[in-house]
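Okay, structure first, notes after.
Any read-out appearing in this document is the output of simple, stated calculations on the displayed coordinates, not a laboratory observation. Worth saying up front: this structure is predicted, and the values here are computed from it rather than measured. FYI the Cβ positions are ideal-geometry reconstructions off the backbone, even for glycines, and counts take in every protein chain you see.
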Amino acid sequence: MKTRIKNILQEKGTGQRLTITGWVRTRRDTGGFSFIEVGDGSCLANLQVIADSRLTNYDSEVKHLSTGTSVIVEGELKESPAKGQAVEIHADRIEIVGHADPETYPLQKKRHSFEFLREISHLRPRTNALGAVGRVRSRLSYAVHQFFQGRGFIQVHTPIITTSDCEGAGEMFQVSSGKPGAKEDHFFGRAAGLTVSGQLQAEVYALALGDVYTFGPTFRAEKSNTSRHLAEFWMIEPEMAFCDLKGNMQIAEEMLKYLLTDVMTNCPEDMELFDKFIEKGLLKKLQDVVDQEFAHITYTEAVDRLKSAKKTFEFPVEWGLDLQSEHERYLTEEVFKRPLTVTDYPAAIKPFYMRVNEGGKTVAAMDILVPGIGEIVGGSQREERYDVLVSRMEQAGINLADYQWYLDLRLYGSVPHAGFGLGFERLIQFVTGMANIREVIPFPRTPGSAPC
Ligand code: ATP
Ligand code: MN
């Protein structure tokens, strides 16, 4: 039975005989001894293995162990006299499981650029930084479920293939059976695509089960090749019945603070690595987010602030135009210096399902903006009034017959309800300080690129 290095380093049970499995990170020889750093992916730290000529394969194999080789090591755990580690393993058996040819193994000791590592996405999780992202991502995923389940939310698996284009932005990938001669669009009787959001279906369950959430893959044929857009990403979408915009804002803020606290508490070594090598001051930034109340302004106020800013922007600022990333970042980074919720956007630039405010010019939308990223959460109170929804859908040119199920929710026991979408990769970018979203998903899909 193998023991994971993370557990060994936590328990430090010296005197025990243990077996570890992993990959050689480095080897150093000094007169009849070798010091071998072995990592198994369970944590950032490696375990030092001491090997000597008592091993039958010392001269033939151990002395030649190269980076990337997979090994099984058995031995006794002892207190380490060296600085930088509490314990080490004195090996009495080292089995080489798989060689890694040092002539061709691409991960040598030097630091590699993230761009280079993207070209070897099958090997990059073996690096310290990408391994840490993998562990932090897993922890955050777990914490998302803990947050919602702990508050009585019920998880709904919304469909991946759908016939409703929630955002109506024409970013839906089309799905066809691909069979030669098959009528492209008619496997499902009509055009279908990969979901851009589970929201509409989550609303169905919210109006039956109260508080629900989805957490699943989402697809957008985004033409924009930016550092914060992917063609395939994961989204967390809570939907709450008997809830208005204010309640929605509260739960979003509580959730973000919960997730940041959880990851700092449970992934301290990985988070220190990001703080040290990826974004200096990261931990303080995150702790400040946890400690401060989010700022809140309306879209109209945001436009005023941007218009009176001394800064010149690339994109125009005018009431009625959407905020661009540069505007969002200016507001959260330079004006408020903390997360900022912007609410009540012009109805004309937001999807049909958002609740129309009094006066009809704006809708009860909310975006949460964070420093370094811009938009991390987008949400709204939903239109629960049948007639208002119908006229919004007509304005948007939507075929009502296709959405009768959605309209029915407003005919039978309609209630005020609200929800939002948190882009999981944007969250991980914020938490790790990674500049490019391609580094925070194991296998990024972007225009022109989906290697493995
Ligand atoms: P943006 O303006 O940044 O493109 P959006 O307005 O299209 O975002 P929403 O439709 O509100 O975003 O989606 C909800 C959340 O999903 C966003 O706040 C963001 O965190 C995330 N998100 C949206 N598009 C992408 C994408 N292409 N890649 C990764 N995350 C995304
Ligand atoms: Mn978008």
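Data for the structure
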quantity	calculated
Rounded tilt (10° steps) of 128-150 against the dominant C-alpha axis of the chain	50 degrees
Exceeding the 22 Å Cα-Cα cut-off - candidates K78/K109; K2/K78; K110/K276; K310/K337; K179/K223; K280/K337	K78/K109; K179/K223
Region 251-328: chymotrypsin sites (Phe, Trp or Tyr not before Pro) in DSSP loop, at most 16 other beta carbons within 10 Å	F313, W319
C-alpha center-to-center spacing [region 237-283, region 90-161] in angstrom	20 Å
Packing-based ranking, highest mean first, of 108-115, 248-255 given that Cβ atoms within 10 Å are counted	248-255, 108-115
Those GluC sites (Glu not before Pro) in region 278-361 that DSSP places in a loop and that have at most 10 other beta carbons within 10 Å	E293, E314, E318, E358
Candidate aspartates and glutamates - alpha carbon under 13 Å from K361, same-chain residues fewer than 8 apart omitted	D344
Among L409, T332, N266 the positive-end extreme of the charge dipole of region 124-440 (Cβ point charges)	N266
Cα-based helix-to-principal-axis angle, 199-209 vs the chain, degrees rounded to 10	80 degrees
Between 0 and 90°, nearest 10: helix 245-266 axis offset from the chain longest Cα axis	0 degrees
